[in-house]
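First the structure, in the form of structure tokens, and then the observations on it.
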Amino acid sequence: MDKLLMILAGIALFFFGLEGPVVSLLGTETAGQVVSVEPQSSEEATSVKDWVITYRFRTKSGKLVTGTETRNQVYNTSSLPSEGGSLRVRYVEALPILNESARNADLSMGHLGVMAIGLVLITVGVLGTRRSRGSPAA
């Protein structure tokens, strides 16, 4: 059971880390509109300077999609977009739920690190710990 949980956690981490590179490499860029800019709730925030930006954009097929971006440790709030303002968005046409603001859609070491941790968990879960087959001590 522990191996299965480790494998499932590894798969989840791998695909979570894969989102950024997929959007970066396969994504289409379009204009989005900022719906709201709000401080992150106190339970989720790592500091009082964390903000959640909600945006909407239309896909080429005309579907309206909503996305969010979290900006951490914002000390200059004038750098935040304003409600009703525009924001560049990248999304995967086949799966528009995979979207990010264009400023975050890149290949980062963070994404690669999360993917690597996921692969390690999958590998350890599949292979497990190998025990020697010697005779037990008398």
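The values are calculated or read from the model by the stated rules, or taken from the named source; none is laboratory data. Note that this is a predicted model, so its numbers are computed, not measured. Don't worry about glycine lacking a Cβ; one is built from the backbone with ideal geometry, like all the others, and counts go over all protein chains shown.
So the values come out like this:
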quantity	calculated
Any hit, region 91-100, residues being exposed (fewer than 15 other Cβ atoms within 10 Å of the Cβ), under 28 Å from Leu121 (Cα atoms) and in contact (Cβ under 8 Å) with a residue 24 or more places away in the chain	yes
Failed item, numbered, when Ala31 is tested on (1) part of a strand (DSSP E or B); (2) under 14 Å from the mean Cα position of the chain (by Cα); (3) of a type in the set (Gly, Ala, Ser); (4) surrounded by fewer than 18 Cβ atoms within 10 Å (Cβ to Cβ)	(2)
Close pairs from region 70-87: first surrounded by 13 or more Cβ atoms within 10 Å (Cβ to Cβ), partner among the acidic types (Asp, Glu), Cβ under 9 Å, at least 6 apart	Thr70/Glu44; Thr70/Asp50; Arg71/Asp50; Val74/Asp50; Leu87/Glu69
Region 83-138, subset assigned to a strand (DSSP E or B) and in contact with a Leu (Cβ under 7 Å, 6 or more places away or on another chain), residue modelled with the lowest pLDDT	Ser101
Output for region 66-82, where each listed residue is hydroxyl-bearing (Ser, Thr, Tyr), in a strand (DSSP E or B) and within 13 Å of Val35 (Cα to Cα)	Thr66, Thr68
